[in-house]
Amino acid sequence: MVLVMQTDALFWGPLVFEGIDDMEVEAVTATFGTVEVVARGRAGGASCPDCGRSSGRVHDRYQRRLRDLPLADQGFVIRLTVRRFICGSASCPRWTFAEPFSRLTVPHSRFTTRLNRALERVGARLGWAGRRSAGGPARLRRGTDDLVAQGHGTARSAVQYSAGAGR
């Protein structure tokens with residue numbers, strides 16, 4: 001039997017999205033083992049990453065599912081509704097672009113920025129030294145898939161377990 005509990009979304013906004021003003025929590029669902037926050041962007045529009053022109057014309061919407069750091073030993077997931085905007089510039093090569101959430105995550109990531117940071121720290125503690133960029137300092141690549149690709153199969157399970165991502 002699974003118990004589903006709806007909780008107050010107003011409480012969760014500042015907790016989950018501290019310092020991110022353009023996010024709105026629509027609902028929070030807590031089941032045994034997982035807390036899911038349903039959120040969307042609150043901004044009226046966004047700027048095209050190619051030409052910089054601002055647009056408020058929405059072409060489409062889609063959902064991203066982001067894992068976040070565990071909360072009180074519970075898995076934590078953000079179901080984020082992302083809008084695709086139409087770029088209105090005739091000279092721009094880009095027809096549509098996704099709403100950016102740069103303070104929450106990076107494009108195409110399945111994890112929040114703060115979970116990625118935790119995964120990097122765990123990966124570093126497990127002995128993965130990272131790689132050198134062109135003349136720059138050693139940097140860790142993002143995500144557990146990169147650790148596995150580098151031959152750290154045991155690192156994946158340890159990272160997922162310690163970050164609560166394996167749920």
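Numbers for the structure displayed
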{"item": "Close pairs (6 angstrom Cβ cut-off, 6 or more residues apart or separate chains): among the basic types (Lys, Arg) in the range 34-61, in a loop (DSSP other than H, G, I, E, B) anywhere", "result": "42/22; 53/89"}
{"item": "Counted residues, the range 62-73 - those being of a type in the set (A, V, I, L, M) and touching a residue at least 60 places away in the same chain (Cβ under 8 Å)", "result": "1"}
{"item": "Condition met for residue 93 (modelled with pLDDT under 95, surrounded by fewer than 19 Cβ atoms within 10 Å (Cβ to Cβ) and more than 17 Å from the chain's Cα centre (by Cα))", "result": "yes"}
{"item": "Total residues in the range 96-123, condition under 16 Å from residue 34 (Cα atoms) and in a strand (DSSP E or B)", "result": "1"}
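The values are calculated or read from the model by the stated rules, or taken from the named source; none is laboratory data. The structure presented is a predicted model; accordingly, all values stated were derived computationally and were not measured. Note: ideal-geometry Cβ built from the backbone for every residue, glycine included; neighbour counts use all protein chains shown.
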